[in-house]
Structures are given as structure tokens and as C-alpha cells.
Amino acid sequence: MDLRILEHRVRVLSIARGGLWLYTHPLLKMLLLPQRSRCKFFSLTETPEDYTIILDEEGFKELPPSEFLQVVDSTWLVLNVLSNGSSSANIQPIGVTKIAKSVIAPLAEHNVSVLMLSTYQTDFILVREKDMPVVIHTLEGEFDIYKEVNGEPVPANCDDASNGFLKPKQAVNSTVHPIQSPRNRFCILSVSPDSLPAIATILIDVLFYSHSPPKETVPASQDLDSVTFFAFSLIEGYISIVMDAETKKKFPSDLLLTSSSGELWRMVRIGGQPLGFDECGIVAQIAEPLADADISAYYISTFNFDHALVPEEDIDHVTEVLQKRQESQR
């Protein structure tokens, strides 16, 4: 398999819910008028706490500083695993569990913190730019690694590894993070960029005006509250949306692209307190046990917490597997 280092240099930031009004214009331009923006990597995720934005430097320039905006100091680079040289647009999502053993676990063992952004089309792994030499050194035995230069793949090397110094391998941080499983049922889908004008007013309503948690009938045994969660990404011309089943009803079904099975997903929300960006192994402590159980999962990191999406029929097994893992680490 190939590992691509994409050209995008991205920033990770949080917009407070009370300050969203200040950013309405630039966000709408990147959401709905990509032809008028130089931003080619854009992701917006709404959670109960805030709005997490992951975007490239061109998009970042369009967001004015304010008291409502928090920005992670680091610049991040984007990795993408490709099978048989296929581009990310032409393959089905491989899921974080499929790269748990080959990418996520080795990086955690080498003290590299990662963020994950799973989309309808593929999975992106974000690492700090300063950690890239360690990343290449760690993964070059498993992958052919290429970096994109002017859109073309060029073999990557770690000659610039901080004058030959690499971080020593160390144990994964053993912090055990609590998990929750909200009652929402989620859909993972896409739309054609040509359909954006047809759903523009609905997107605006969902993102900027509809802030109440969705109400959905669920079995009484699942007693956790529903949570607000809506993720939209527009990356290199491909759109991915994660929304709960109630929100999906607002959109015209003939414009939504879903898997042939129409599968529904349940969420595992990771973290009792904000996770921060320095701890290593957070994704691994979820992805590895799910990989061992052969359960697919999408994974979306946000500014405060992480979120795994698993097939609805597997949620009980998933919570059991993860709780056992937690108990064994206490």
C-alpha cells in the first residue's frame, strides 16, 4: 500500500457557539461557493461544545481573529492511505480500524499525536508538521511513502529529521478516557458538488439556526441523551456529510448519495474532559480493540472530544469491547 502526504498544510481551530455569527460569511463561502475560495481542504463539525474547523492555510486566512476563535499552535500535515495506487476519490472508506495496526498504533508507540478525519470517501490522518520525520521513519517499512508536490507524487524521505535526531520510542500514554454512546442514529453520505445550490438553504438552517438536539424514538434501555453532531467536509472537490437520521429528513433524498445498504451508525464519544492535542494513543485505544473485533469505524476528531461511528447493529458489542479494554487498563 501507498501512504500519501498531501500538499495541504492545515490548521485546527474552534469557534465558540456564541461567536458563529462573526464567521458566517467566510464559512458560507467555503461551504457553498468553493469556486470563489482558494480553500481546498475544509471541514466543519458542530458539537454541543463548539464548531471545530479544520482547513488549509488559504482558508485560514479568510477567518478574522477574535475572542471567539481558538487556534491550535501547530500546523498539521495530512496523510492518506491508498490501496493499489487508487486515489482517495475512487476507493471506499477503509475505516480507522483497517489502519489501526499499520498506522495508528505504530505512531502512538513513537510518541506521535494524531487527529483523524474520516469521510464518506476515505480517511485522513493529521500529524503535526514537526513530527513528519518521525512519521516517515516509523512507517517506511510498511508503506511506500510519497509526498505530493504540485499535484504529483514524489518519494518521501526523512533526511530532514531534525539533523538526524528522532524522538525515542516510548510507551503509549495510559490515560483511560471514558466513553459514551448517545442515542442518535447517524447517516454517512455525500452529495454531488453540483447539488450544493439545491440544498444550500437547508444546510444554512441546520448549521446556523437549528441548535436543539434532535429528538428520535429509541429503545428505553438506551438512556443516554442525544447529542448535537453535524460534520461537513469539502476536500479536493469531494463532499462528505455526517448527520443524525432526524436531520437527514430535512434534505431531499434524491440528492443524497449513500451506500447501497443505507446503513445507520451509532456514535461512541470519547473523553470526559477536553482531550487536548498532546496526548498520544487516544485514537489507538479505540481503533485497536475494534480492529481486533473486526468492526469497521469512522473516526472524527474535534477540538475537545473524539467520535467513533460504528454500525448500529454492533453498538452493544463495541461498548462491551471498549469497556473491557478500559477495565484492563485501570
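The values are calculated or read from the model by the stated rules, or taken from the named source; none is laboratory data. In this text, all values refer to a predicted model and were calculated from it rather than measured experimentally. Don't worry about glycine lacking a Cβ; one is built from the backbone with ideal geometry, like all the others, and counts go over all protein chains shown. Note: areas computed on protein heavy atoms with side chains; ligands, DNA, RNA excluded. Shrake-Rupley method; radii C 1.70, N 1.55, O 1.52, S 1.80 Å.
Listed here are the residues, each with its yes/no results for (1) open to solvent by less than 20 Å² (accessible area, probe 1.4 Å); (2) closer than 20 Å to P311 by Cα; (3) at pLDDT 95 or above.
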| position | (1), (2), (3) |
| --- | --- |
| A220 | no, yes, no |
| V242 | yes, yes, yes |
| L257 | no, yes, no |
| G262 | no, yes, no |
| R266 | yes, yes, yes |
| Q273 | no, no, no |
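Given the condition in a strand (DSSP E or B), over 22 Å from S113 (Cβ atoms) and touching a residue at least 40 places away in the same chain (Cβ under 8 Å), answer yes or no: does some residue in the range 315-327 qualify? Scanning the range 315-327, I find no residue that is in a strand (DSSP E or B), over 22 Å from S113 (Cβ atoms) and touching a residue at least 40 places away in the same chain (Cβ under 8 Å), so the answer is no. Selection of the range 22-39 for residues being surrounded by 18 or more Cβ atoms within 10 Å (Cβ to Cβ) and in a loop (DSSP other than H, G, I, E, B) yields S37, C39.
The rows are residues; the columns are (1) modelled with pLDDT of 95 or more; (2) open to solvent by less than 20 Å² (accessible area, probe 1.4 Å); (3) among the aliphatic types (A, V, I, L, M); (4) farther than 30 Å from I53 by Cβ.
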| position | (1), (2), (3), (4) |
| --- | --- |
| A287 | no, yes, yes, no |
| S296 | no, no, no, no |
| S301 | yes, yes, no, no |
| R325 | no, no, no, yes |
| S328 | no, no, no, yes |
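Of the residues in the range 57-73, at least one is β-branched (V, I, T), at pLDDT 95 or above and not in a loop (DSSP other than H, G, I, E, B).
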